[in-house]
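Asks: Structure provided below as structure tokens; questions to follow.
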Amino acid sequence: MTYRIRGLDPQLFAQQLALDDAGLARRRARREVAGEGYFPCRVTLEDAAPGEVLLLTHHENHAVAGPYAHAFAIYIRADARAAAEYVDALPPVLRARPIALRGYTAAGDLHRAALALADDVDAQLRTLLADPEVAYIDAHNAMHGCFAARIERHDSGECFT
């Protein structure tokens, strides 16, 4: 079984990035400059380097009509142009940090969860995806709770151009 992890579409944030500070504030967002530590971009799925400009914005990552809907603050690099894609591989934002994995049913209900503390995200993903009731997994930074990435099953026969 293979899986795919894709970054968010940068076009979702293009209008916000064009706003001035007051316009961003009205949308529960602001510009920040990355410092030392983790500033994970949800488009490139890499940490921003110190000094990079970021958009910090409120994002609804689990837009379901039930009780498991979820939204939180996320970072987007101001110069992110293309969504990253990983197949059977982990992006940097899912490595070397505690990651909470939430396995959801096709209806958007939480079915199973796992905590990856020892850089064991791949093994935990495969265990969750082995359950046929798990339709997709949302990864969150375990310490801060913010959405990191969505993981979906991948048909290894699918072609990308």
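Here, each number is a calculation from the coordinates, and none is a lab measurement. Remember, it's a predicted structure, so these values are computed and weren't measured experimentally. In this analysis, Cβ positions are derived from the backbone assuming ideal geometry, glycine residues included, and neighbour counts consider all displayed protein chains.
Asks: Only one of the values (i) 0.97; (ii) 1.04; (iii) 0.94 was calculated from this structure for Rg/Rh (Cα atoms, Kirkwood Rh); name its label.
Replies: (i)
Asks: Stretched out fully, how many nm does the piece from residue 83 to residue 119 gain, at 0.36 nm a residue minus the Cα gap? Don't skip to the end; give the middle numbers.
Replies: On the way: separation 36, 0.36 × 36 = 12.96 nm, distance 2.32 nm.
Contour length minus the Cα-Cα distance gives 10.6 nm.
Asks: For the chain, which longest stretch is free of loop sites, where a loop site is one of the GluC sites (Glu not before Pro) that DSSP puts outside H, G, I, E and B and that has at most 10 other Cβ atoms within 10 Å? Mind dumping the intermediate values first?
Replies: Numbers: sites that count: 36, 158.
The answer is 37-157.
Asks: Counting other Cβ atoms within 10 Å, keep those with at most 15, restrict to DSSP loop, and tell me which trypsin sites (Lys or Arg not before Pro) in the stretch 65-153 are left. Show your work: numbers first, answer last.
Replies: Details: sites: 77, 81, 95, 102, 112, 126, 150, 153; in loops: 81, 95.
Loop-located and lightly packed - 81, 95.
Asks: Please work out how much length the chain gains when fully extended from residue 53 to residue 127, using 0.36 nm per residue of separation minus the C-alpha to C-alpha distance, in nm with one decimal.
Replies: Details: separation 74, 0.36 × 74 = 26.64 nm, distance 3.67 nm.
Gain on extension, residue 53 to residue 127, equals 23.0 nm.
Asks: Net charge near residue 84: determine it from the other residues with C-beta under 13 Å of the C-beta of residue 84, scoring Lys and Arg +1 and Asp and Glu -1. All intermediate terms of the calculation are to be shown ahead of the outcome.
Replies: Numbers: positive: 4, 6, 42, 77, 81, 150; negative: 9, 46, 47, 85.
Residues near residue 84 contribute +2 overall.
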